[in-house]
Amino acid sequence: MTENNYTGVTTGTIATACSLAALDAILDSADIACVKVHTPKKTLDIIIDECKMLSSFKAQACAHKNPYNDPDVTVNLEIFSTVELLDKSDEESNVIITGGEGVGKITKPGLQIPVGEYAINPVPRRMIIRNLEEKVPEGKVAKVTISIPEGVEIARKTMNPKLGIVGGISVLGTTGIARSMSSDAYKNSIVTQIDVALASKINDLIFVPGNIGEKLALKKLDIDKEQIIQTGNFVGFMFEEAEKRGVKKFTYFGHMGKLIKVAGGIFDTKHAVADGRREIMVTHAALCGADRESLQKLYDSKTTDDMMDILDDIGLSVEVSNSIASAIHERCMQRFDLDLNVILVDMEGNYLNSNMQLNTDK
C-alpha cells in the first residue's frame, strides 16, 4: 500500500509480507488476505494476492508491488515466499532465509552480501527475521525461500549483470518504502558499481553517463566492461563517492550533450534540473573566436550535434571541444580531489576533443 503517488514499497517489504502471510497460514490454517509489516520506518498494511497451504507445515504466499510515480522495473512484479516449519537443530536463528527462482546470486566481491549468497540484502533479511521470529513455535525453525519467477528476465533491465549478480534480481530496500529515482535509494544502487570495481582490484575506471556512453566506450576504447561506471544524472554524487573511496584519477567519457553541462558547473545533469548547453557552447565558441553570426546560429540550435556541425563549418570544432573538456576538468578539480581525463564524443563515438589521453584507444 503506497503513501502517495510518489512512494511505493520495496521488494524487501513485499518479500517480508509474503513470508509473514505464509507463516500465519501455517499457524492458523487460514487464507491470509492482508498483513501488517514492520519496516524500519513504519508499519504498513500489505495486501496478499494469494496464500495457500502446501502441506500441514508448509505454505506459500505471493503479492506484487503496486505502481507508483517511478519507472521501477519491479512494479507489478509477483514475489513469492514459501515458508516451511522444520524441527530446530543447532541453528542460532529460528528463521533461515534463502533464495529460489528469479533471485540472483552474488558472484563478485564488494556488495553487502558475500559471494555465493542469494542477493537478498541485509535490511530485507532483518525485516523478515523481525516480523517472523516471535511467531515461530518453540523448537521449530522457519525456512523462508523467496522466489520471483520473472526475475531472470527483469534482471536484464537492471545493473545486476554488471555487478556480478546472476540468475535474477535482488531483493532490496533500506527503509521498506520505495521512492522515486531522484532519491537516495537510487543513488545507493548505482554507487555499488564503484564498490564492486574496487573490490575486484580494477584500475583505470571509465565513468560514463549511461548505456549509450557505455556502448560507445566499449566500441572506442580497449577496456573491459567491468571498468565502466555509469553515473546516471548524478555526476557530482558519483564523483564525490569515488573520491571518498580513494579514487584519484579516472576517465570521464561520453556524448558532448551530457558532459558539456559539467563545464558549466552542473553536476546533476537531469534536463528538468538544469540545462545551459547552448549558453556553455556559445561562451566557449566566443572565447575561441567565433563571429557573431555563428554564435547566433549556435544559440538558436536545438542539439549539441547541430552545434558541432556549425563549428565544423567555421573550423572551430576541435578548439571549442578542447576548451569545454578543459572546463570540465577544471570544474571537477575545483570541487573534488580528482584528476580527470575527459573524452568527448558524438553519437557515433567520434572523438571531438584532442586534449585527452588515448593510451587505451583501439
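Things worth noting here:
- Taking the range 28-56 as the range and being exposed (fewer than 13 other Cβ atoms within 10 Å of the Cβ), modelled with pLDDT of 90 or more and farther than 21 Å from Gly12 by Cα as the test, the residues that pass are Ser55, Ser56.
- Each residue in the range 267-276 was checked for being of a type outside the set (Phe, Trp, Tyr) and within 18 Å of Glu330 (Cβ to Cβ), and 2 pass.
- Members of the range 295-345 that are β-branched (Val, Ile, Thr) and under 15 Å from Lys261 (Cβ atoms): Thr303, Thr304, Ile324, Ile328, Val342
- Near pairs, Cβ below 9 angstrom, 6+ apart or cross-chain, from the range 32-43 (assigned by TED's automatic domain parsing to the domain that holds Leu132) to any residue that is among the aromatic types (Phe, Trp, Tyr) and loosely packed, with under 14 Cβ neighbours inside 10 Å: none
Results for (1) modelled with pLDDT under 95; (2) farther than 16 Å from Ala325 by Cα; (3) among the aromatic types (Phe, Trp, Tyr); (4) not assigned by TED's automatic domain parsing to the domain that holds Leu338, shown as yes or no for each residue.
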site: Asp195; (1), (2), (3), (4): yes, yes, no, yes
site: Lys219; (1), (2), (3), (4): yes, yes, no, no
site: Asp222; (1), (2), (3), (4): yes, yes, no, no
site: Lys225; (1), (2), (3), (4): yes, yes, no, no
site: Met238; (1), (2), (3), (4): no, yes, no, no
site: His255; (1), (2), (3), (4): no, no, no, no
site: Asp268; (1), (2), (3), (4): yes, yes, no, no
site: Ala285; (1), (2), (3), (4): no, no, no, no
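- Among the conditions (1) surrounded by fewer than 15 Cβ atoms within 10 Å (Cβ to Cβ); (2) of a type outside the set (Phe, Trp, Tyr); (3) modelled with pLDDT under 95; (4) closer than 23 Å to Gly276 by Cα, Asp361 misses just one, which is (4).
- Among residues of the range 330-347, those that are more than 21 Å from Leu358 (Cβ to Cβ) and surrounded by 15 or more Cβ atoms within 10 Å (Cβ to Cβ), counted: 3
- Any hit, the range 268-287, residues being of a type outside the set (S, T, N, Q), farther than 29 Å from Phe237 by Cα and loosely packed, with under 15 Cβ neighbours inside 10 Å: yes
- Put simply, of Glu330, Glu293 the only residue that is within 18 Å of Gly254 (Cβ to Cβ) and either in contact with a Gly (Cβ under 7 Å, 6 or more places away or on another chain) or assigned by TED's automatic domain parsing to the domain that holds Ile260 (or both) is Glu330.
- The residues in the range 186-206 that are free of Cβ contacts under 8 Å to residues at least 60 places away in the same chain and within 17 Å of the chain's Cα centre (by Cα) can be counted, and the count is 9.
- Considering Lys201, Lys258, the condition of being among the charged types (D, E, K, R), surrounded by 14 or more Cβ atoms within 10 Å (Cβ to Cβ) and out of contact with any Cys (no Cβ under 7 Å at 6 or more places or on another chain) is satisfied by Lys258 alone.
- A single entry from Lys302, Lys248, Lys244, Lys297 fulfils the requirement of being loosely packed, with under 14 Cβ neighbours inside 10 Å, more than 25 Å from Met159 (Cβ to Cβ) and basic (Lys, Arg): Lys302.
- Neighbours by Cβ (under 7 Å, 6+ apart or cross-chain): first from the range 271-290, closer than 15 Å to Asp305 by Cα; second aliphatic (A, V, I, L, M) and exposed (fewer than 12 other Cβ atoms within 10 Å of the Cβ): none
- Condition met for Leu111 (farther than 30 Å from Ala199 by Cα and of a type in the set (A, V, I, L, M, F, W, C)): no
- Residue in the range 276-315 that is nearest to Val345 (Cα to Cα), counting only those that are among the hydrophobic types (A, V, I, L, M, F, W, C) and out of contact with any Ser or Thr (no Cβ under 8 Å at 6 or more places or on another chain): Ile280
- Of the candidates Glu293, Glu279, Glu240, Glu319, the single residue that is within 23 Å of Leu198 (Cβ to Cβ) and of a type in the set (Asp, Glu) is Glu240.
- Between Ile280, Ile206, Ile260, Ile190, the distinction of being of a type in the set (A, V, I, L, M, F, W, C) and modelled with pLDDT under 95 belongs to Ile190 only.
- Selection within the range 217-235 - more than 20 Å from His271 (Cβ to Cβ) and either polar (S, T, N, Q) or in a helix (DSSP H, G or I) (or both): Ala217, Leu218, Lys219, Lys220, Lys225, Glu226, Gln227
The values are calculated or read from the model by the stated rules, or taken from the named source; none is laboratory data. Note that this is a predicted model, so its numbers are computed, not measured. With ideal geometry, Cβ positions are generated from the backbone for all residues, glycine too; neighbour counts draw on all protein chains shown.
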